[in-house]
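In what follows, a single structure is set out as structure tokens and then discussed.
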Amino acid sequence: MKGSVEYDGENILFEVSYGNRKTMEIAVHPDGRVTVKAPTETTRDTIYARVAKRARWIKKKLEYFRQFEPSVPKRYVGGETHLFLGRQYRLKLVKSADREVKLKGGYFFVTTPEPHDPTTIRKMLDKWYSDHALSVFQNRLQLCFESVKKLNIPFPKISLRRLRKRWGSCGDSGYILLNTELIKTPLYCIDYVITHELCHLKIALHNKNYYRLLNKYMPDWEKRKEHLEKVGFFPNPIGKAQTGIR
Ligand SMILES: [Zn+2]
């Protein structure tokens, strides 16, 4: 038997197997499965009541296991965590005639008439991320540009795209392309990618002179790069994603 219990905005799915045993046992597995072993004669109601009673504990366990799987494709369901500037926020789906995404406390509140439609939730979140990415990146570009003023390069335009393999790149005509997904990483990683690209506007190749510049303006760039590599997530992970930057 399969069942589900709603708790704190999350639909907890579980599988029941019956056997010759005296007590009920609920287990949460690292792959996110919730199993219930029950004595043969246990009624459906009893099982549901028990799962509901342990819901808080189940949810905690699920969250614990989820943190080790950052590259698992998102399901856009309540309780799932989503990143913004390197921090995790839990998804809270609210049913209402209004449509809104709001970050409050540790939560992403997504209000929509269709809270159980993952496509709707994904679209709303993606839009929210894009909007915030644009304003945050523009802001950071100002700051980073200020710190490399001595490069004497013209102030670049930025454009955003959801890139599959790269955090950023730059074009000959003085623009910088940034991966929208960068908005999920900490500011110091965003600054690193921007500064990396700004230095390219002076020196296109990754040669000695290029790294001399980068070291000068961002001496701790390697640490930031390492962090970005650890994050390593991409919207559509193809094997182990390369932290591309050009
Ligand atoms: Zn580069």
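For Ser96 and Tyr48, calculate 0.36 nm times their separation in residues minus their Cα-Cα distance, and state this gained length in nm to one decimal.
Numbers: separation 48, 0.36 × 48 = 17.28 nm, distance 2.75 nm.
Full extension from Ser96 to Tyr48 adds 14.5 nm.
Have a look at the chain and give its Rg and Dmax from the Cα atoms, expressed in angstrom.
Rg, Dmax (Cα atoms, Å): 23.0, 79.
Mean Kyte-Doolittle of at least -1.0 plus a Cα span of 30 Å or more along the axis: flag which DSSP H helices in the chain meet both, please. Intermediate results must be reported in sequence, preceding the final value.
On the way: long enough: 118-147 (42 Å, -0.43).
Qualifying helices, which must be both long enough and hydrophobic enough, are 118-147.
Which residues in the range 1-43 place their backbone N less than 15 Å from a point set 7 Å from the Cα of His116 along the Cα-to-Cβ direction?
Under 15 Å, as judged by backbone N against the label point of His116, lie 3-14 of the range 1-43.
Under 5 Å between amide H atoms, partner at least 5 residues away or on a different chain: which partners does Tyr89 have, H built in plane at 1.01 Å?
Here His82, Leu83, Phe84 satisfy the definition.
Taking amide hydrogens as modeled 1.01 Å from N in the peptide plane, which residues meet the under 5 Å criterion relative to Tyr7, leaving out close sequence neighbours?
Ile12
Taking the Cα centre of the range 20-59 as origin, work out the dipole magnitude from +1 charges on Lys and Arg Cβ and -1 charges on Asp and Glu Cβ, in debye rounded to 20.
Magnitude of the dipole: close to 140 debye.
Listed highest first by mean packing, meaning other Cβ atoms within 10 Å per residue, what order do 158-165, 14-21 come in? Working shown, then result.
Numbers: 158-165: 15.5, 14-21: 12.9.
My ranking of the peptides, most packed first, is 158-165, 14-21.
Could you tell me which residue out of Met1, Leu160, Leu182 lies farthest along the dipole of the chain toward its positive end? Charges go on the beta carbon: Lys and Arg +1, Asp and Glu -1, centred on the Cα centre.
Leu182
Could you grab the relative contact order for the range 130-231? Cα pairs under 8 Å, six or more apart, rounded to a whole percent.
Values: 114 pairs, mean separation 26.0, N = 102.
Relative contact order comes out at 26 percent.
Could you compute the FRET efficiency for Arg56 and Arg87, with r as their C-beta to C-beta distance and R0 at 25 Å, rounded to 0.05? Numbers along the way, then the final one.
Working: r = 23 Å, r/R0 = 0.91.
About 0.65, to the nearest 0.05.
Provide the gained length on full extension for the span Tyr107 to Ser173, in nm with one decimal, where the gain is 0.36 nm per separating residue minus the Cα-Cα distance. Kindly include the intermediate steps, with their values, before the conclusion.
Details: separation 66, 0.36 × 66 = 23.76 nm, distance 4.02 nm.
Separation in residues times 0.36 nm, less the Cα-Cα distance, equals 19.7 nm.
Roughly how many debye, to the nearest 20, is the charge dipole of the chain about its Cα centre, given +1 on each Lys and Arg Cβ, -1 on each Asp and Glu Cβ, and no other charges?
Details: 46 positive and 26 negative charges, 82 e Å.
The dipole of the chain has a size of about 400 debye.
Taking amide H positions as placed 1.01 Å from N in the peptide plane, with prolines and chain starts having none, which residues 5 or more places from Gly168, or on another chain, fall under 5 Å of its amide H?
Those lying under 5 Å, H to H, from Gly168 are Asn179, Arg246.
Considering only C-alpha atoms, what is the centroid distance from the range 148-204 to the range 77-128, in Å?
Between the Cα centres of the range 148-204 and the range 77-128 lies a distance of 28 Å.
Determine the sum of side-chain charges near Asp126: Lys and Arg each +1, Asp and Glu each -1, restricted to other residues whose C-beta is under 12 angstrom from that of Asp126. Show your work: numbers first, answer last.
Numbers: positive: Lys74, Arg122, Lys123, Lys127, Arg162, Lys184; negative: Asp131, Glu181.
That sum, taken over residues with Cβ under 12 Å, equals +4.
Net charge around Arg21, counting only other residues with Cβ within less than 15 Å of its Cβ (Lys, Arg = +1; Asp, Glu = -1)? Let's see the in-between values first.
Numbers: positive: Lys22, Lys37, Arg50; negative: Glu25, Glu41.
Combined, the nearby Lys, Arg, Asp and Glu give +1.
Please compute the modelled spin-label separation between Arg164 and His206, points set 7 Å along Cα→Cβ, answer in nm with one decimal.
2.1
Just to verify a number: FRET efficiency for Lys123 and Thr35, C-beta to C-beta distance, R0 = 35 Å, to 0.05? Display every interim value, and only then the final one.
Details: r = 33 Å, r/R0 = 0.95.
In this case the efficiency is close to 0.60.
Since every read-out is calculated from the coordinates, none of them should be taken as a lab result. Please read these numbers as outputs of a predicted model, since none were measured by experiment. Glycine also receives a Cβ, built like all others from the backbone with ideal geometry; neighbour counts cover every protein chain displayed.
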